[in-house]
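Here's the structure, in C-alpha cells; my notes come after.
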Amino acid sequence: MNSIRSVLEGVGSTLILFMRSISHVGTLSRQKSRFIEQCYVIGYTTLPIVGILSFFVGSVLALQSGYSMQDFGTQQFIGALVGLSMVRELGPMMVAILLAGRVGSAITAELASMKVNQEVDALVTMNIPPAKILVLPRLAAVLMMMPVLTVISNLVGWFGGALVCKYTGFISVEPQQYFQALRHVVKFKDVIDGICKAEIFGFIVVLVCSSIGLSTRGGPREIGAAVTKAVVSSLVLILVLDYFVTKLLLAILS
Amino acid sequence: MFTQFSNSGESVGFRENKAVGVSIEHLSKSFNKLNVLKDFSLKVAPGEIFVLMGPSGSGKSVLLRHIIGLEMPDSGVVLINGKDALSEDIREHVRMALVFQAGALFNSLTVFDNLALYLREHRLGTEKQIKDKVMQALTLLSLEDAAKKYPSELSGGMKKRVAISRALVMEPQLLLYDEPTSELDPVSSAMIDEIIATLRDQYRVTTIVVSHDRDLAMSIADRVGILMNGNLIHIGTPESLKNPTDKRVSDFLYPKVDLNNPRFKKIIP
Ligand SMILES: Nc1ncnc2c1ncn2[C@@H]1O[C@H](COP(=O)(O)OP(=O)(O)O)[C@@H](O)[C@H]1O
Ligand SMILES: [Mg+2]
C-alpha cells in the first residue's frame, strides 16, 4: 500500500516538475551558458562509452546472427539484420541506458545534495524557480544531444558488425556486400524512428532523475538511496516504455 | 573595518527600505505526529530587531521557514504587511531573505557568483552594475578577497558572512537569520552582532534573529521571545531577561551546572 502511494507520489511530482520546467521554456535563450554546459556534460562525457559499447554490440550481433545464419547460407543479408537492429532498437536503447547510468545518476546526486544542503530552498527564497535553472537546461540539452549520440552509436555499431563479418571465418562477408544489404533495408524512416525513441527515453531519464533528486529529504544517506532509486526507475521505465513506443511506431509505419 | 563599515553607509548604493511588518497568527504545524508549533502568534514591527530564543528542536527554524514561505502551515497564517506571506503579491513585491543556519551557499558557484545569481536571474542591472553591487556587498563584510573562492574553501565564519552578504544583495525588507553566531568564536560572533544591528540601522530592515546566544539578545534585540513546547513562554525587552520570574525562562537562560545531580541522569535512567 505504502509503496503504491510512493510510486503515485513520484509520478505526480515528476509531472508537476515537467509542467513547471516547460512553463519557463521562454527563458531558455537567456540560459545559453547553462544549456551549453549541460550539452557538454551529457554529450561529450557519454560519447566514449557509447562508442565502445556500440562497437561491441554491433560486433556481437553480427557474430551471433552470422553463426545462426550459416546453416541457411544467408550470411549476405547480415548487414540488413545488424543495420536494422542497431537503428531501430539497440542504438537508442543503449544510449538511453548509458545516459541513465552516467548522466542520470550524476543529475540525481547533484540535485539531491543541493536539496539536502538547502541550496534548493535558498533558490526558492530568491524567487528563482529550481525547475527553471536546474531542470530546464538539462531537458533541452538532452533533446539536443540524444540524436547525435544515437547516430554515432548506429554508425559505430554498423562498423563493428562489418569488421566482424569480414574477419570471421564462418561469415566472410565483404564490407561492400554488408553495407549493400544494410542500405537496401534500412530506410531513413527507421533512423528517425530510432531517434524518436532515443529522444523519449533521454527526456524521461533526465526528468525522472531530476525529480527524484529534488524530492530527496534527509541527509547524505538519502542522497545515495536517491541515486539508486533514480537509476533503477530509469532502467525500468526505458525497458517498459520501449515496448510501447516500438508498438506505437510500428503502428504508424503500417 | 567597522569604521569603514559605518562611514561608508551613505555612499553604498543599497536602497533605504520601506520596512515591512510581520504578523504571525495562530500558526500550527505538525510533522507526522510531532506537534512543533501550537497556535503560535507574534507581531514584529517594521524596522524592529526581534530575537527568538529557545532550546534545540523547539521549532525556531520551522517558524522562519513559515515566514519566508518555504513551509505551509497546517492552520493559521503569516501576514507580511497584512497580506498572506504565501500570496503571489507578497512573493513578487516584498523582498525577503533568510540566512540559513548552515549557509546554504551554492557549492558549485564561487562566492561572487553566489551573490550575483539573484541579480542576474532577475536582470537587475548590467553585468557591470551587478559586479559593482556584488563587490560592494562583499566589501561591506570584508569579503572582497574571497570573491573568487568556492564555499568549500571558506572557514565557518566566512561562510556565515557570505550567507549574510548574499542576503544583502537582495536588498531585503525583511531579513531572517537562523543561528547566525552558532559555531563561531566570540570575536566573530560579536562581529556578526554588529553587522546585524548596523544593517538594521542603515537600511531599516525588519529583522528576526533565531539564536541561543544570550549576548546577542542582550546587545542588539529590541525585543526577545523564548519559544518552548511550540509556543512563546516569554516575550519582552532584553532587560526583562535579566531577572526572569518564570522558572522555565531562568532555567533555560541561566542553567546551573550541578555535578551532584546531573541532568543526563534524569533523562537516561
Ligand atoms: N521537514 C521536517 N520533517 C519532519 N520533521 C521536521 C521537519 N522539519 C523540522 N522537523 C522537526 O521539527 C522540530 C523542530 O525543528 P527545528 O525548527 O529545526 O528546531 P530548532 O528550534 O532547533 O531550529 C524538530 O523536532 C525536527 O525534527
Ligand atoms: Mg534550527
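Here are the numbers:
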| read-out | value |
| --- | --- |
| Single residue of segment B:60-79 satisfying the filter (away from chain A (no Cβ under 13 Å) and more than 13 Å from ligand 2 (Cβ to nearest atom)) that is nearest to B:Gln173 (Cα to Cα) | B:Leu79 |
| Test: residue in segment B:95-116 that is without any contact (Cβ under 8 Å) to a residue 40 or more places away in the chain and in contact with a strand residue (DSSP E or B) (Cβ under 8 Å, 6 or more places away or on another chain) | no |
| Breaking point among (1) surrounded by 15 or more Cβ atoms within 10 Å (Cβ to Cβ); (2) more than 14 Å from every other protein chain (Cβ to nearest Cβ); (3) within 13 Å of ligand 1 (Cβ to nearest atom), for B:Gly57 | (1) |
| Breaking point among (1) open to solvent by 20 Å² or more (accessible area, probe 1.4 Å); (2) among the aliphatic types (A, V, I, L, M); (3) within 23 Å of B:Thr207 (Cα to Cα), for B:Leu109 | (3) |
| Residue list for segment B:170-216, filter: of a type in the set (Asp, Glu) and either more than 14 Å from chain A (Cβ to nearest Cβ) or under 21 Å from B:Met135 (Cα atoms) (or both) | B:Glu171, B:Glu183, B:Asp185, B:Asp193, B:Glu194, B:Asp201, B:Asp213, B:Asp215 |
| Every residue from segment B:131-151 that is within 14 Å of chain A (Cβ to nearest Cβ) and either charged (D, E, K, R) or over 22 Å from the mean Cα position of the chain (by Cα) (or both) | B:Tyr150 |
| Filtered residue count, segment B:27-54, keeping only those that are open to solvent by 40 Å² or more (accessible area, probe 1.4 Å) and not in a strand (DSSP E or B) | 4 |
| Within segment A:141-172, considering residues that are assigned to a helix (DSSP H, G or I), open to solvent by less than 20 Å² (accessible area, probe 1.4 Å) and hydrophobic (A, V, I, L, M, F, W, C), the one nearest to A:Cys196 (Cα to Cα) | A:Met146 |
| Pick from segment A:122-131, criterion assigned to a helix (DSSP H, G or I) and either open to solvent by 20 Å² or more (accessible area, probe 1.4 Å) or among the β-branched types (Val, Ile, Thr) (or both), ranking: farthest from the other protein chains (Cβ to nearest Cβ) | A:Pro130 |
| Count of segment B:199-245 residues which are within 16 Å of ligand 1 (Cβ to nearest atom) and either assigned to a loop (DSSP other than H, G, I, E, B) or under 18 Å from B:Leu42 (Cα atoms) (or both) | 18 |
| Every residue from segment B:226-248 that is under 24 Å from B:Pro186 (Cβ atoms) and open to solvent by less than 20 Å² (accessible area, probe 1.4 Å) | B:Ile226, B:Pro238, B:Leu241 |
| Meets criteria (of a type in the set (A, V, I, L, M, F, W, C), away from every other protein chain (no Cβ under 12 Å), more than 24 Å from B:Glu194 (Cβ to Cβ) and part of a helix (DSSP H, G or I)) for B:Ile90 | no |
| Residues of segment B:164-198 that turn out to be in contact (Cβ under 8 Å) with a residue 60 or more places away in the chain and within 16 Å of ligand 1 (Cβ to nearest atom), as a count | 6 |
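The values are calculated or read from the model by the stated rules, or taken from the named source; none is laboratory data. Model, not experiment: these values are computed from the prediction. Using ideal geometry, Cβ is built from the backbone for each residue, glycine included, and neighbour counts are taken over all protein chains shown. Keep in mind that these areas ignore ligands, DNA and RNA; they rest on the heavy atoms of the full protein, side chains included. Shrake-Rupley method; radii C 1.70, N 1.55, O 1.52, S 1.80 Å.
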